[in-house]
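> Starting off with a structure, shown below.
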Amino acid sequence: MFTWIWSNVLYNPIINIALSLYHLLGDNLGLAIIILAIIFRLVLLPLTKSQTNMTRKMASLKPQLDALQKKYANNKEKLTQEQTKLYKASGYNPLGCLGTFIPQLLIIIVLYQVIRNVAASNTEGIYPFIQQWISGGKEIVINTNFLGLELTNIYSELTTKFSKEGIIFLILAVLAGVSQYITTKFTQLMQNPQAETPKKKEKKKGSQELSPDVLQKNMSSSFNYILPVMTILFAIRMPAFLSLYWVAQSFALIVQYVVLDWDKTKDGVQNLLSAMGRKNKKKDW
């Protein structure tokens, strides 16, 4: 049953869309990957909107949840009951994110499989009328060169790592990490448009321990830098097409948020720019 759904509902339609885009864009696999990333970001718009609403709702409940934590610190059963009541009253579903995350993850897996197979000229699952349109019914050979870069190559396997192709590959891998950082910061900004850039860490007085909130912020800040570095290291060990898709879908995510809520996007960006401006003025002093 799952195999039939995977093939007929997910994989086959998507590989045919990918091959159609490839042909329409002048047999350019790189452009097809970029457009495919944008299309599926737009398709996932309702799920992203639902996930964003849940995240914002959870953020708005934090003061009340903190109050319950203090009030029922010694009564875990009562704490759970009161939290459940609060969630129900506010319409927040703690498991709601799974309903949006799982379909998104599934589509990403299918897209990766499709792009990998197309890059390898594996067109299994193509509809006969699509094959007839693209190649007159003959075998389709995919052109995997994009801007001087062979999209199926892996940087760590290149014999000349600082050749023109190797440098382009490194630039693309770094762009994948940078785009990961930008989208992470942008997502945090959209979840709380009024939030400013993180303040400087306060010095510890004596042996005073950091509060859980401060520790959480510090961990989140560190993760914002660790994840892009991991992305770059992962990208240079994977085919170049993955980095290209990564960059395209990251910036498509920003466009997606803008489409979801232009007013909050504008307010959040303006707030971020203002905070950065104040920070630069302090440095000048």
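The values are calculated or read from the model by the stated rules, or taken from the named source; none is laboratory data. Note that this is a predicted model, so its numbers are computed, not measured. All Cβ positions, even for glycine, are placed from backbone atoms using ideal geometry, and neighbour counts span all protein chains on display. SASA here: full protein model, heavy atoms, side chains in, ligands and nucleic acids out. Shrake-Rupley method; radii C 1.70, N 1.55, O 1.52, S 1.80 Å.
> Can you report the number of residues in the stretch 145-162 which are in a helix (DSSP H, G or I) and exposed (fewer than 15 other Cβ atoms within 10 Å of the Cβ)?
The number of residues fulfilling the criteria is 2.
> So which residues in the stretch 23-35 are farther than 21 Å from Phe169 by Cβ and buried (at least 18 other Cβ atoms within 10 Å of the Cβ)? So that I can check it myself, show each step before the final result.
So in the stretch 23-35, the residues farther than 21 Å from Phe169 by Cβ come out as 23-27, 35.
Within the stretch 23-35, just Ile35 meets the criteria.
> Any residue in the stretch 135-154 that's under 14 Å from Ile167 (Cα atoms): show its pairings with residues that are open to solvent by 50 Å² or more (accessible area, probe 1.4 Å) at Cβ separation under 7 Å, as long as the two are six or more apart or on different chains.
So the pair list comes out as Gly148/Lys164; Ile154/Arg237.
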